[in-house]
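Read the structure below first, then the notes.
The values are calculated or read from the model by the stated rules, or taken from the named source; none is laboratory data. What you see is a predicted model, and the numbers here were worked out from it, not measured in a lab. Cβ placement follows ideal geometry from the backbone for every residue including glycine, while neighbour counts extend to all protein chains displayed. These accessible areas exclude ligands, DNA and RNA; they are computed on the full protein's heavy atoms, side chains included. Shrake-Rupley method; radii C 1.70, N 1.55, O 1.52, S 1.80 Å.
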Amino acid sequence: VQLVESGGGLVQPGGSLRLSCAASGSIFMVSIMGWYRQAPGKQRELVASITSGNTTNYVGSVKGRFTISRDNAKSTVYLQMNSLKPEDTAVYYCSLSLGPSRYWGQGTQVTVSS
């Protein structure tokens, strides 16, 4: 399984970005997909996840601002990020989980700064 993220970049506070993660392999449809982030000096944290049945979960700090979605036909998961804040600055990682296995993308940098 390979995961390739895209869509990161520099944005001003209050702005928006959409991250994408394209997965290879045939297990995407039955997998739990997640977006994690890691800021400098901090532990990696789960930002949002979505099950194969489209049940979503968010960390409290992003609720109402971020939306995770998936397109099984394209084997792609998205993270729409609105009303971005400087504290959202981090490397964002896509993950695919199936049973005891977890796979990671290479990460994409998101910087929120004026």
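For Ser31, which of the numbered conditions (1) over 12 Å from the mean Cα position of the chain (by Cα); (2) crowded, with 18+ Cβ neighbours inside 10 Å; (3) modelled with pLDDT of 95 or more; (4) farther than 20 Å from Gly14 by Cα fails to hold?
Of the numbered conditions (1) over 12 Å from the mean Cα position of the chain (by Cα); (2) crowded, with 18+ Cβ neighbours inside 10 Å; (3) modelled with pLDDT of 95 or more; (4) farther than 20 Å from Gly14 by Cα, the odd one out for Ser31 is (3).
Specify the residue that is nearest to Arg70 (Cα to Cα); the eligible residues are those in segment 18-48 that are β-branched (Val, Ile, Thr) and assigned to a strand (DSSP E or B).
Ile32
Within the bounds of segment 2-17, is there any residue that is under 26 Å from Pro100 (Cβ atoms), open to solvent by less than 30 Å² (accessible area, probe 1.4 Å) and in a strand (DSSP E or B)?
Among the residues of segment 2-17, at least one is under 26 Å from Pro100 (Cβ atoms), open to solvent by less than 30 Å² (accessible area, probe 1.4 Å) and in a strand (DSSP E or B), which makes the answer yes.
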